[in-house]
Amino acid sequence: MHAVVDRVTRRIIDRSRLSRQNYLARMTELKSRSPHRNVLSCGNLAHGFAACHQDDKDTLKLMSKANVAIVSAYNDMLSAHQPYATFPDIIREAAHGMGSVAQFAGGTPAMCDGVTQGQPGMELSLFSRDTIAMSTAVALSHNMFDATLLLGICDKIVPGLLIGALSFGYLPGILVPAGPMPSGLPNKEKQRIRQLYAEGKLGKEELLEAESKSYHSPGTCTFYGTANSNQLLVEVMGLHLPGAAFVNPGTPLRDQLTRAATEQVIRLSRPQGGELGLGDMIDEKSIVNALVALLVTGGSTNHTLHWVAIARAAGIVIDWNDYAELSSVVPSMTRIYPNGEEDVNAFHDAGGTPFLIRELLDAGYLHNDVETVVGHGLERYTRTPAMDGDRLVWQPAPLKSLHPDVLSTASEPFAPDGGLKVLDGNLGRGVIKVSAVAREHHKIEARAVVFNDQNELKAAFDAGDLNKDCIVIVRFQGPKSNGMPELHKLTPYLGVLQDRGFRVGLVTDGRMSGASGKVPAAIHVYPEALEGGPLARVRDGDLISLDADRGTLSVVVDEAEFAEREPARPDLSAYHQDYGRELFGWMRRSVGTAEEGACVFWNHEA
């Protein structure tokens with residue numbers, strides 16, 4: 001193992017020792033009582049299989065047969081989740097072929113940040129993760145099940161499914177992806193048209209046409225944002241079948257992978273002699289593997305929140321220093337939009353996750369000695385699925401990248417580090433992703449232009465007030481303020497300013513996620529402004545220093561004067577009412593900080 005990866009892993013193990021032991025002890029006790037269906041009363045059990053076919057009822061009376069819970073984020077409005085409509089029938093058929101049963105245990109919400117971006121619904125987005133976790137727990141609460149298949153793919157959905165399923169971590173579980181849509185309009189062309197629209201050089205009709213050519217069919221969006229980062233990280237943790245992440249929906253291979261996942265989770269169940277649950281497979285080493293995978297691919301900054309929360313659900317405590325230390329040594333091995341020109345389909349065609357895993361294992365950046373859903377050892381994930389006639393087979397990943405400008409080797413990476421930095425200073429603590437930011441923009445010092453509402457920026461842009469070197473402060477966007485929305489509607493305007501030759505940056509207590517691009521953006525800054533964080537005392541014209549290379553974020557103002565300033569206190573009530581936002585007030589009040597995972601379950605726990 002690489003010395004730094006080993007050191008970070010040992011530190012996490014030491015830090016998590018008590019909480020991890022407590023979690024595993026709870027799961028051991030729960031597992032000792034399974035199958036829980038055995039302790040249901042006759043009335044309980046009759047309710048549990050009342051709607052089943054008689055054959056399934058007869059099977060479920062036998063404790064030696066497995067019942068698989070299907071927990072799905074299906075809906076037919078969102079392209080990434082629409083393919084899941086057909087999965088339950090495939091799963092039930094495969095379970096019957098194994099002499100077992102599969103029941104649709106419950107559905108979870110699935111919202112799309114692409115639809116809600118810049119809209120009031122975006123303020124529910126982060127909290128939908130914890131809502132999904134609770135929905136998953138409700139689905140599994142009937143104690144009818146011996147194994148779980150988790151059907152979800154996008155931003156908050158996979159983390160929510162994992163957090164919820166880890167409460168039932170004595171049960172084995174496999175995540176079942178649906179795959180990305182085929183490639184559409186090139187991402188760089190989409191970005192160009194968005195910037196032309198922001199400048200008023202194109203109309204809405206042309207913009208909609210371009211967007212419709214980008215997002216055009218069932219499947220996940222093809223850029224490397226949070227959704228596709230989810231899939232890669234989950235596969236590197238050994239929670240998918242090998243090579244399953246980026247197979248397109250509606251193909252024979254995709255359906256065969258779903259059947260195979262069903263058969264495999266049944267083999268892992270206690271009625272089939274299995275001993276390991278999801279909580280055994282998600283351990284400190286697999287979490288570190290996920291962080292390494294995030295960093296070498298320039299994945300979504302949202303996972304500086306989500307993987308903290310997932311780890312905590314398994315009794316594991318990680319922090320941003322772990323990310324930063326790993327990022328300083330792991331190589332950057334992919335160029336996937338927004339960190340490059342091509343999309344995840346090109347990455348998959350180049351050799352994809354199996355090639356990446358083999359390279360990282362050989363170079364000592366990933367732990368091989370982990371449990372996966374297909375057995376011990378991550379080397380099992382260096383294989384690629386394929387169809388041999390009507391039969392599913394796995395073959396070794398290609399020896400060389402088939403698209404070397406998209407996927408590199410560990411020995412000849414695109415950059416020597418992972419491009420994620422932690423920033424500290426008198427403005428608070430945050431993160432910045434620089435994998436898509438040109439080196440000359442890693443450090444910027446400019447005067448502040450302060451907004452308390454992201455919608456104010458467009459008006460300032462249109463008025464020409466931002467045609468200068470500046471660092472835009474967009475505050476009161478943290479989880480306690482308004483649910484910590486992503487602020488991507490700002491990106492085209494800031495990109496235009498940078499293209500005009502101005503030195504610009506962004507500092508916010510909100511989010512930018514996997515689509516963070518070429519403008520330096522210090523995000524997730526806390527203490528957030530609503531809690532009296534330093535951002536609340538910044539004024540227009542203050543000199544701001546953002547240095548990604550040194551990891552600093554500061555306001556260059558006399559310390560005593562800055563401390564004496566009265567913090568801004570805007571009226572945020574308009575962001576707490578209507579569009580369902582009033583229902584999430586308790587979450588805003590109880591949520592933890594960004595570095596704690598912005599979670600309502602374990603904030604402020606060590």
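The values are calculated or read from the model by the stated rules, or taken from the named source; none is laboratory data. Bear in mind the structure is a predicted one, so any value in this text is a computation, not a measurement. Note that each Cβ is placed from the backbone with ideal geometry, even for glycine, and that neighbours are counted across all protein chains shown.
Test Val68 against the criterion of being surrounded by 24 or more Cβ atoms within 10 Å (Cβ to Cβ) and assigned by TED's automatic domain parsing to the domain that holds Leu232, and give yes or no. In short, yes.
Say we look at the range 381-390 and pick out the residues that are touching a residue at least 40 places away in the same chain (Cβ under 8 Å) and surrounded by fewer than 18 Cβ atoms within 10 Å (Cβ to Cβ); which of these is farthest from the chain's Cα centre (by Cα)? Ranking the candidates gives Asp390 first. Residue count for the range 420-445 satisfying the condition of being buried (at least 19 other Cβ atoms within 10 Å of the Cβ) and part of a strand (DSSP E or B): 12. Against the criterion of being assigned to a helix (DSSP H, G or I), closer than 28 Å to Gly419 by Cα and among the hydrophobic types (A, V, I, L, M, F, W, C), Leu535 qualifies. Do we have any residue at all in the range 150-167 that's assigned to a loop (DSSP other than H, G, I, E, B) and surrounded by fewer than 24 Cβ atoms within 10 Å (Cβ to Cβ)? Among the residues of the range 150-167, at least one is assigned to a loop (DSSP other than H, G, I, E, B) and surrounded by fewer than 24 Cβ atoms within 10 Å (Cβ to Cβ), which makes the answer yes. Does Ala210 qualify as being at negative phi and outside the structural domain of Ala133 (by TED's automatic domain parsing)? When the stated conditions are applied, Ala210 passes them. Here is the figure for the range 483-525: residues that are in contact (Cβ under 8 Å) with a residue 60 or more places away in the chain, assigned to a helix (DSSP H, G or I) and farther than 26 Å from Asn230 by Cβ total 3. Within the range 550-599, which residues are in contact with a Gly (Cβ under 7 Å, 6 or more places away or on another chain) and assigned to a helix (DSSP H, G or I)? Correct list: Phe584, Arg588.
Given the condition modelled with pLDDT of 95 or more and of a type outside the set (Gly, Ala, Ser), answer yes or no: does some residue in the range 508-518 qualify? Looking through the range 508-518, at least one residue is modelled with pLDDT of 95 or more and of a type outside the set (Gly, Ala, Ser). In the range 191-210, the qualifying residues are those that are assigned to a helix (DSSP H, G or I) and closer than 13 Å to Gly495 by Cα, and the one that is modelled with the lowest pLDDT is Gln191. Within the range 277-286, the set of residues being assigned to a helix (DSSP H, G or I), surrounded by 24 or more Cβ atoms within 10 Å (Cβ to Cβ) and hydrophobic (A, V, I, L, M, F, W, C) comprises Leu278 only. Could you say whether any residue in the range 225-234 is out of contact with any Gly (no Cβ under 9 Å at 6 or more places or on another chain), in a helix (DSSP H, G or I) and more than 30 Å from Ala463 (Cα to Cα)? Within the range 225-234 (the criterion being out of contact with any Gly (no Cβ under 9 Å at 6 or more places or on another chain), in a helix (DSSP H, G or I) and more than 30 Å from Ala463 (Cα to Cα)), the answer is yes, since at least one residue qualifies. What about Arg358, is it over 15 Å from Met237 (Cβ atoms), out of contact with any Lys or Arg (no Cβ under 8 Å at 6 or more places or on another chain) and free of Cβ contacts under 8 Å to residues at least 60 places away in the same chain? Against the criterion (over 15 Å from Met237 (Cβ atoms), out of contact with any Lys or Arg (no Cβ under 8 Å at 6 or more places or on another chain) and free of Cβ contacts under 8 Å to residues at least 60 places away in the same chain), Arg358 qualifies. Failed condition for Leu291, given (1) out of contact with any strand residue (DSSP E or B) (no Cβ under 8 Å at 6 or more places or on another chain); (2) surrounded by fewer than 22 Cβ atoms within 10 Å (Cβ to Cβ); (3) assigned to a helix (DSSP H, G or I), with all others met? That leaves (2) as the condition not met. Restricting the range 338-364 to residues that are surrounded by fewer than 24 Cβ atoms within 10 Å (Cβ to Cβ) and modelled with pLDDT under 95, the residue that is farthest from Val406 (Cα to Cα) is Pro338.
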